[in-house]
Amino acid sequence: MREWSSFDTISKGKGIWLIDAKGNKIIDAVGSMWCNVWGHSNPQLIKAITKQSKQIQHSSLFNLTNEPVERLAKNLIKISPGMNKVFYSDNGSSAMEIAIKMALQYWKNIGDTKKTQIATIENGYHGDTFGAMSVGYVPEFFGKFKKQLFSTIQFPVPNEYRLPKGFSLSDYQNHCLEKIEKRFSKNNDIAAFIMESGAQMAGGVIIYPKGFQKKISELCKKYNILFVLDEIATGFGRLGSMVQYQDQKSIPDIVAYGKMLTGGYLTMAATLANKKIYDSFSGDFNDWKHLFHGHTYTGNPIAAAVANENLQMYEKHNLIKKVQKTSKIFENYSQEILGIDIVGDVRHKGMLMGIELVSNKKNKTPIRTKKSINKVFFEEGKKQGIYLRTLGNIVMLVPPLSIQENELELLIKKTIKTIQVAKSKTF
Ligand SMILES: Cc1ncc(COP(=O)(O)O)c(C=O)c1O
């Protein structure tokens, strides 16, 4: 994209601040793509990395194991009700590829050859690899590859701000769920239902109405369909709970974690499965039931060591309670933000806020700018001292989870100013 011909060089970070090579400071409002927990340059996390790198920097998980990954698996199982085993990878897209492969192969392993379809909800996002693009099909992102993607069965998602005419939220939620049940009951061909847990992030901060996810999990049980959750962006406190599926009362068969797993310090993801799934993969060698999947850096001990330290710090600092308290600040500013004439809707949950920009509040027409909206808000945000990234017409605030109340207030005030200034660049 020509408008991004040069980039600022970030050379340091401290807490919520990113510092560029010229010494300018900006607040990291996207938490380094939604993965930062403790801010930048946290001494404890750095110590965990340094300590482990002096022991063993990397050792393969092919035929071997290492102490930090074993410990991390135990820690992850402890916080994940219903889960039994952990499969490591090094990014969220891969964790979702693994989840898809596990779900499809499960049925083959138990001798059911009919269940080959994957069901999802529209507008979901699960990563940029081909399987992840297929199940998280966002037309604007992936339209160019449509022919190469495998088809999925997609169902609508209730978005309170953009309900079809004549529907209340609860009517539309029921309508969506009825559609799901109708299709589930028609053919016995669906292997798994895959969705983001709690909210759609890249799809525009669509926070599910109460009971939506729970009901889908119940329908999956009723119709013998695997329930697969993506908690890569929404787990680990982002929505105000350690494990979002617990909050949603919807225990999955398979769940994927990533992003905040290492506090945002190293690249690691994990796909967890329940005992039923795991057992289907264990047979004699010649049964060929095992999962053919592995990456060079799967189970990297340094990443696992920092993830263990990160998890310990969640407990030590009671982080989830703190997020719940700090995030109340978002509520205090909701009305003020909504009062800006190009803001159509404000949605927030936990340490996440989405501000939907429109050119016409009544018609809810998404705003347009001469340059990309992302570029306009990035530039204006930088002038105000924040690193902002929009997704479509949504300004997203996804700061480090441990952000202090006064810091969050500062970030919101700077965001308000940015939107007001950027207004003149819209048409
Ligand atoms: C819900 C969700 N799933 C999967 C991914 C992919 O993760 P990664 O970027 O680590 O491949 C993302 C990334 O934003 C995400 O938001």
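Since every read-out is calculated from the coordinates, none of them should be taken as a lab result. In this text, all values refer to a predicted model and were calculated from it rather than measured experimentally. We place every Cβ from the backbone using ideal geometry, glycine too, and count neighbours over all the protein chains shown.
Each Cα pair under 8 Å and six or more residues apart adds its sequence gap; the mean of these over the residue count of the chain is a relative contact order of 23 percent. Between segment 384-426 and segment 281-318, the alpha-carbon centres lie 35 Å apart.
For segment 326-427, averaging the sequence separation of C-alpha pairs within contact (under 8 Å, six or more residues apart) and dividing by the residue count gives a relative contact order of 29 percent. Across segment 211-279 the C-alpha pair distances fall into 10 Å bins from zero in the proportions 21, 48, 26, 5, 0 percent.
Exposure proxy shown here: for Asp171, Asp90, Asp253, Asp230, the number of other Cβ atoms within 10 Å sets the order, fewest to most, as Asp171, Asp90, Asp253, Asp230.
When only the Cβ of Lys, Arg, Asp and Glu is charged (+1, +1, -1, -1), the dipole of the chain relative to its Cα centre reaches about 700 debye. Simple spin-label estimate for Tyr161 and Ser424 gives 2.5 nm between the two label positions (7 Å along the Cα-to-Cβ direction from each Cα).
Listed by chain and number, the lysines whose alpha-carbon sits under 18 Å from that of Lys25, ignoring those within fewer than 8 places in the same chain, are Lys12, Lys14, Lys382, Lys383, Lys413, Lys414, Lys417.
Using only side-chain charges placed at the Cβ, +1 for Lys and Arg and -1 for Asp and Glu, the dipole size of segment 107-171 relative to its Cα centre rounds to 320 debye.
Loop-only chymotrypsin sites (Phe, Trp or Tyr not before Pro) in segment 62-102, please: DSSP not H, G, I, E or B, and at most 15 other Cβ atoms within 10 Å.
Phe62
Estimated from helices alone, the mean residue ellipticity of the chain at 222 nm is -11500 deg cm²/dmol (sum of -39500 (n - 2.57) over DSSP H runs with n ≥ 4, per residue). Projecting the Cα positions of Gly344, Thr296, Leu229 onto the charge dipole of the chain (unit charges on Cβ atoms of Lys, Arg, Asp and Glu, taken about the Cα centre) puts Gly344 furthest along the positive direction. Taking a ≥ b ≥ c as the square roots of the eigenvalues of the Cα gyration tensor, segment 140-195 is classed as oblate, since a/c reaches at least 1.5 and a/b does not exceed b/c. Compactness of the chain was expressed as the Cα radius of gyration divided by 2.2 N^0.38 Å, which yields 0.99. So for segment 378-419, Kirkwood radius off the Cα pairs, Stokes-Einstein at 4 °C and 1.567 mPa s: how many µm² s⁻¹? Here the translational diffusion coefficient equals 122 µm²/s.
Any idea what the dipole of segment 75-228 comes to, in debye rounded to 20, about its Cα centre with Lys/Arg Cβ at +1 and Asp/Glu Cβ at -1? Please report the intermediate quantities before stating the final value.
Numbers: 20 positive and 13 negative charges, 82 e Å.
Around 400 debye, computed over segment 75-228.
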